[in-house]
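Visitor: Quick one: the structure is below, questions incoming.
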Amino acid sequence: MESRQYQLFEPHDGMLSRFFSKPKSMVLEGQGFSPIREPSEQQVRYSVLALKNGGSSFLSVTDELGNYIQIAGSRPWCFIEHRQIKPLNHSRAYRDTPVPKYEDGAKIHTGAGDIELMHDEWFLLKDAAEIAVGFLKGESFPKGVNWRSLNEMLGI
């Protein structure tokens with residue numbers, strides 16, 4: 001009888017990983033600070049709450065597939081966008097219950113320029129921080145937060 005030697009199969013990046021549950025690899029990036037690989041909930045929350053004019057006014061949390069949440073603004077207001085890679089979709093968050101302070105077309109100032117928002121797209125930084133932490137943890141978006149497609153505007 002012949003003796004056979006078997007090798008342990010070691011999958012490389014991407015190979016078979018979809019069959020095993022493992023945390024997504026995340027990166028936190030923003031204006032004025034170096035990327036943070038595998039950020040903690042505390043780092044994400046702190047970075048969102050620290051957004052301000054004249055400093056870091058936008059950031060993103062990106063997963064290993066390229067899906068991301070980006071937040072821009074300054075105390076106390078911001079807006080939130082989500083990019084999904086498959087199927088390709090880019091959308092902006094809006095609320096079921098809009099903040100009555102702003103009308104459609106009001107602008108928010110960011111380091112990337114002035115962005116015109118609809119009246120229901122304004123979020124408090126503290127709410128955006130919780131949405132970003134949820135994305136980091138792979139959770140569903142909270143009830144009351146909806147997504148308006150920007151695909152047509154962006155030519156996607």
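Visitor: Pop out the ³J(HN,Hα) list for region 143-156 in order, Karplus 6.51 cos²θ - 1.76 cosθ + 1.60 with θ = phi - 60°, rounded to Hz; leave Gly and Pro as x.
Guide: Per residue, the Karplus-derived 3J(HN,Hα) values read 5, x, 9, 10, 10, 9, 5, 10, 3, 4, 4, 8, x, 8 Hz.
Visitor: Next question. Give me the number: length gained by fully extending N89 to L49, i.e. 0.36 nm times residue separation minus the C-alpha to C-alpha distance, one decimal in nm.
Guide: Contour length minus the Cα-Cα distance gives 11.8 nm.
Visitor: Counting other Cβ atoms within 10 Å, keep those with at most 15, restrict to DSSP loop, and tell me which GluC sites (Glu not before Pro) in region 38-131 are left.
Guide: Passing sites in region 38-131 are E64, E103.
Visitor: Another question, then. Give the cross-link partners of K52 among the aspartates and glutamates, using a straight C-alpha distance below 16 Å as the criterion and excluding same-chain residues fewer than 8 apart.
Guide: List returned: E29, D114, D127.
Visitor: As an exercise, use a Förster radius of 30 Å and the Cβ-Cβ distance of E103 and S34 to find the FRET efficiency, rounded to the nearest 0.05.
Guide: 0.20
Visitor: How much FRET efficiency would the formula 1/(1 + (r/R0)^6) give for M153 and S25, where r is the Cβ-Cβ distance and R0 is 25 Å, rounded to 0.05?
Guide: That gives a FRET efficiency of 0.25.
Visitor: What list of ³J(HN,Hα) couplings, whole Hz, do you get for region 104-116 from phi and the Karplus terms 6.51, -1.76, 1.60, once you set θ to phi - 60° and write x for glycine and proline?
Guide: So the Karplus estimates, Gly and Pro as x, are 4, x, 5, 10, 10, 8, 9, x, 8, x, 7, 10, 7 Hz.
Visitor: Here is a further query. Would you mind computing, in nm to one decimal, how far apart the modelled labels at A112 and K126 are, each placed 7 Å from Cα along Cα→Cβ?
Guide: Distance between label points: 2.6 nm.
Visitor: From zero up to wherever the largest Cα-Cα distance of region 30-113 sits, split into 10 Å bins and tell me the percent of pairs in each.
Guide: Here the calculated profile for region 30-113 is 15, 45, 33, 6.
Bear in mind that the values in this text are calculations on the coordinates, not laboratory data. Being a predicted model, the structure only gives us computed values, none of them experimental. Don't worry about glycine lacking a Cβ; one is built from the backbone with ideal geometry, like all the others, and counts go over all protein chains shown.
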